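The numbers here are math on the coordinates, done by the rules we state, and not lab data. The model shown is predicted, which means the values in this text are computed figures rather than measured ones. No Cβ is skipped: glycine too gets one built from the backbone with ideal geometry, and neighbour counts run over all protein chains shown.
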Amino acid sequence: MRLLLVCAYDSERIPDWLNTALMTCHEFIMTEDGVVLSNLYIKSESKLS
């Protein structure tokens with residue numbers, strides 16, 4: 001079974017450094033225009049099964 005989590009952040013209310021950090025650990029970013037791949041995402045070597 002796969003679990004999908006959605007984290008919601010208002011990018012205008014969080015500091016730039018936190019927004020960048022979140023984009024490195026979230027593969028997909030949801031914007032007002034849709035869902036896009038994060039160009040800063042760093043894939044983890046460990047996976048949960």
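At-a-glance table
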{"read-out": "Options (i) 126; (ii) 94; (iii) 74 - which one matches volume of the Cα convex hull per residue in Å³ as calculated here", "value": "(ii)"}
{"read-out": "Acute angle (nearest 10 degrees) that the helix 16-25 long axis makes with the longest principal axis of the chain, alpha-carbon atoms", "value": "20"}
{"read-out": "Charged-residue dipole, Cβ positions (Lys, Arg, Asp, Glu), the chain about Cα centre, Debye nearest 20", "value": "340"}
{"read-out": "The chain, helix-only ellipticity at 222 nm - DSSP H runs n ≥ 4, -39,500 (n - 2.57), divided by all residues, nearest 500", "value": "-6000 deg cm²/dmol"}
{"read-out": "Cβ-defined net charge surrounding Glu32, 13 Å radius [Lys, Arg +1; Asp, Glu -1]", "value": "-3"}
{"read-out": "Two-site label geometry, Glu45 and Thr24: point separation in nm, points 7 Å out along Cα→Cβ", "value": "1.6"}
{"read-out": "The chain, relative contact order in percent, only Cα pairs under 8 angstrom and at least six apart counted", "value": "26"}
